[in-house]
1. Pairs, please: C-beta under 8 Å, at least 6 apart or cross-chain, first residue charged (D, E, K, R) and in segment 45-59, second modelled with pLDDT under 95 and part of a loop (DSSP other than H, G, I, E, B)?
2. Hand me the list of helices (runs of 4 or more DSSP H) wholly inside the chain holding 1 or more residues that are among the acidic types (D, E).
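The values are calculated or read from the model by the stated rules, or taken from the named source; none is laboratory data. Everything quoted here is computed from the prediction, not taken from an experiment. Counting neighbours? That spans all protein chains shown, and the Cβs are built from the backbone with ideal geometry, glycine included.
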Amino acid sequence: MITLCPTTFEKAGKIKNFSKWIRWVINNKDELDHVQYLVEQVEFKEQLIQDIVHGKKRFVEGKGWIKNMYKEEEE
């Protein structure tokens with residue numbers, strides 16, 4: 001049994017066969033967690049690329065990509 005607030009109750013009503021969907025989510029939690037991890041990694045890498053392109057990061061041997069302390073407008 002699941003208790004829903006008015007907002008989630010309204011959203012659940014729009015999902016075809018909500019009970020089946022909930023069972024699928026519960027049964028696939030590990031896979032969904034892995035997908036979320038991959039999404040977070042992609043977002044991190046995209047931000048790193050933007051920082052490199054805009055000069056906010058520089059590469060230091062043995063340390064990797066670090067904040068570019070020589071960039072005047074750095075945050």
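1. Short answer, once both residue conditions are applied: K56/N68; K56/K71; K56/E74; K56/E75; K57/N68; R58/N68; R58/Y70.
2. Filter on the chain gives 6-13, 29-53.
Per-residue answers, yes or no, for (1) in contact with a strand residue (DSSP E or B) (Cβ under 7 Å, 6 or more places away or on another chain); (2) modelled with pLDDT of 95 or more:
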| site | (1), (2) |
| --- | --- |
| C5 | no, yes |
| E10 | no, yes |
| K14 | no, yes |
| N27 | no, yes |
| V42 | no, yes |
| V60 | yes, no |
| I66 | yes, no |
| Y70 | no, no |
| E73 | no, no |
